[in-house]
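Read through the structure below, which is laid out as structure tokens, and then see the notes.
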Amino acid sequence: MSYLKNIDPQIYRVIRNEISRQEDNLELIASENFASLAVLEAQGSVLTNKYAEGYPRRRWYGGCEFVDDAEQLAIERAKDLFAAEYVNVQPHSGTQANMAVFFCALKFKETILAMDLSCGGHLTHGHPHNYSGMFYNVVAYGVNKKTQMLDYDEIEKLALKFKPKLILAGASAYSREIDFKRFRAISDKAGAYLFVDMAHIAGLVAAGIHPSPVGFADFVSSTTHKTLRGPRGGFIISKNKFARKLDSLVFPGIQGGPLMHVIAAKAVAFAEAKTKEFKAYQEQVVKNARQFCESLKNKGFDIISGGTDTHLLLVDLSSRNINGKLAQELLQKANITVNKNLIPFDKLSASITSGIRLGTAAVTTRGMKEKEIALIADFIDRAVKNRDNPQELAKIKKEVLDLTGKFPLYPELKNNG
């Protein structure tokens, strides 16, 4: 970054500090991951210079022949990866992908049935301060109080009672496999569209580790980061009959020029996701998550639903006499990055929470396996036990640094000096 260092040393220092933070911390936020060097190179390329409003071969600007190729590659690779009829790779984020779907399927104030935020849903699934909650009538479904898993019979009752125009499946803090076939049957009984937000599990779906919603859902949205391990961005999958309307809603409906450097990076990520190495990676992600659950349970932590089928787990801290906010701040002192998170039927506010959400996608990218995950669970347990002991927290931090030092973020760069 020699040019940046000379032109703007302050931003240069910010980036160098962030590189160090990522290298030296155990990244356990379930929605974060580390993109490959190939993805970073594509995203940091001269494609950022090009305006390309419109779609391949249908642009409002000249000079788009090469960025057209990049977008077409991204589209075709995503179609192949997810067995999709139609794909739009232009959404700048998962939130905007969701917005385009809502605008396509719904009229203002029509009813949607979606997962409650406190049970694992996302802000764009009907939070009152989000466009999804402001523009539409939201009916929420949750999880069974005893099993802490989705209760499909209850979801069906709500669907038949409220007759939503759209049913939304998918979550940001739900660790169990989702039955898309059952959701399809419920949607058909209620006369509703089925919309699946697979942002968290897209990498697992691509590798065949989690059942795919494609073929069951009318609309599927996703991000390209998280388990898919690409650049930050979104995309939409649908049936061909919605293609024209969705295209027009993304552009010019809710966005202007697409980010061609990001779209090229999405294409790279879709190509990487087709490899046998990616499948092995996703298998290890789930193995690590299950190991995390078992290791934490053995140390007396309560795991929501008792386990996981995916890359994430939700930990109820109530029995450990600490809330999510304090746990997040405490673990940060030991170079362990997590996020506070509501648990089902939480008695604390969203700014405090009774739980933390943990994910294994990022540490698995670094090469860590079950042995290291068990060690990380021990770090967390010791930190919680020694929350008022600065010396012990400093000791844990040193052990964390020893561990991260053995698993460099980009070993290719280390090997090349």
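A few notes on this one:
- Applied to segment 400-405, the Karplus parametrisation 6.51 cos²θ - 1.76 cosθ + 1.60 on θ = phi - 60° returns per-residue 3J(HN,Hα) values of 4, 5, 5, 5, 5, x Hz, with x for Gly and Pro.
- Under the shape rule built on the C-alpha gyration tensor, where the axes satisfy a ≥ b ≥ c, segment 186-263 is oblate, since a/c reaches at least 1.5 while a/b does not exceed b/c.
- Simple spin-label estimate for GLU65 and ASP388 in nanometres, 7 Å along Cα-Cβ: 7.3 nm
- Mean separation of Cα pairs under 8 Å and 6 or more residues apart, divided by the residue count, gives segment 243-312 a relative contact order of 23 percent.
- At R0 = 41 Å, FRET efficiency that the Cβ-Cβ distance of GLU154 and LYS299 yields, to 0.05: 0.80
- Residue (of MET115, GLY233, ILE75) at the positive-pole extreme of the chain, dipole from beta-carbon charges: MET115
- Net length gained if the chain between ILE7 and LEU413 were fully extended (0.36 nm per residue, minus Cα distance): 143.8 nm
- Shape call, segment 145-275: gyration tensor on alpha carbons, a/c limit 1.5: oblate
- Restricting the chymotrypsin sites (Phe, Trp or Tyr not before Pro) of segment 102-156 to loop positions (DSSP other than H, G, I, E, B) with no more than 13 neighbouring Cβ atoms within 10 Å leaves PHE108.
- Using only side-chain charges placed at the Cβ, +1 for Lys and Arg and -1 for Asp and Glu, the dipole size of segment 25-73 relative to its Cα centre rounds to 240 debye.
- Remark on VAL196: its backbone amide H falls under 5 Å from those of ALA169, PHE219, VAL220, SER221, a criterion applied only to residues 5 or more positions apart or on other chains, H modelled at 1.01 Å from N.
- Cross-linked pairs LYS145/LYS333; LYS276/LYS398; LYS276/LYS406: Cα-Cα separations exceed 32 Å for LYS145/LYS333; LYS276/LYS398.
- Antiparallel bridge percentage (DSSP; both residues within segment 40-272; nearest 5): 40 percent
- Segment ALA280-THR111, length gained on full extension (0.36 nm per residue, minus Cα span): 56.8 nm
- Label separation (LYS333 vs ALA140): 3.3 nm, computed from points 7 Å beyond Cα along the C-beta direction.
- Projected label points at ALA83 and LYS163, each 7 Å from Cα along the beta carbon direction, are separated by 3.4 nanometres.
- Backbone phi angles across segment 267-274, fed through the Karplus curve with coefficients 6.51, -1.76 and 1.60 (θ = phi - 60°), yield HN-Hα couplings of 4, 4, 4, 5, 5, 4, 6, 8 Hz in residue order; Gly and Pro are listed as x.
- Projecting the Cα positions of THR147, LEU358, SER212 onto the charge dipole of the chain (unit charges on Cβ atoms of Lys, Arg, Asp and Glu, taken about the Cα centre) puts THR147 furthest along the positive direction.
- Cross-link reach is defined here as a Cα-Cα straight distance under 13 Å, omitting same-chain residues fewer than 8 places apart; for LYS297 the aspartates and glutamates meeting it are ASP316, ASP378, ASP381.
- Bridges between two residues of the chain, per DSSP, are antiparallel at a rate of about 55%.
- When the helices of the chain are scored as -39500 (n - 2.57) per DSSP H run of n ≥ 4 and the total is divided over every residue, the value at 222 nm lands at -13500 deg cm²/dmol.
- Shown in residue order for segment 157-171 are the 3J(HN,Hα) couplings computed by the Karplus curve 6.51 cos²θ - 1.76 cosθ + 1.60 at θ = phi - 60°: 4, 5, 5, 6, 6, 9, 6, x, 7, 9, 10, 10, 10, x, 7 Hz (x for Gly and Pro).
- Selection of trypsin sites (Lys or Arg not before Pro), segment 19-89, meeting DSSP coil and at most 15 other Cβ within 10 Å: ARG57
- Taking a ≥ b ≥ c as the square roots of the eigenvalues of the Cα gyration tensor, an a/c ratio of 1.5 or more together with a/b no larger than b/c marks the chain as oblate.
- Look at the alpha carbon pairs under 8 Å that are at least 6 residues apart: their mean separation over the length of the chain gives a relative contact order of 22 percent.
Just so you know, all these numbers are worked out from the coordinates, no wet-lab data involved. None of the values given here were measured: they were computed from a predicted structure. All Cβ positions, even for glycine, are placed from backbone atoms using ideal geometry, and neighbour counts span all protein chains on display.
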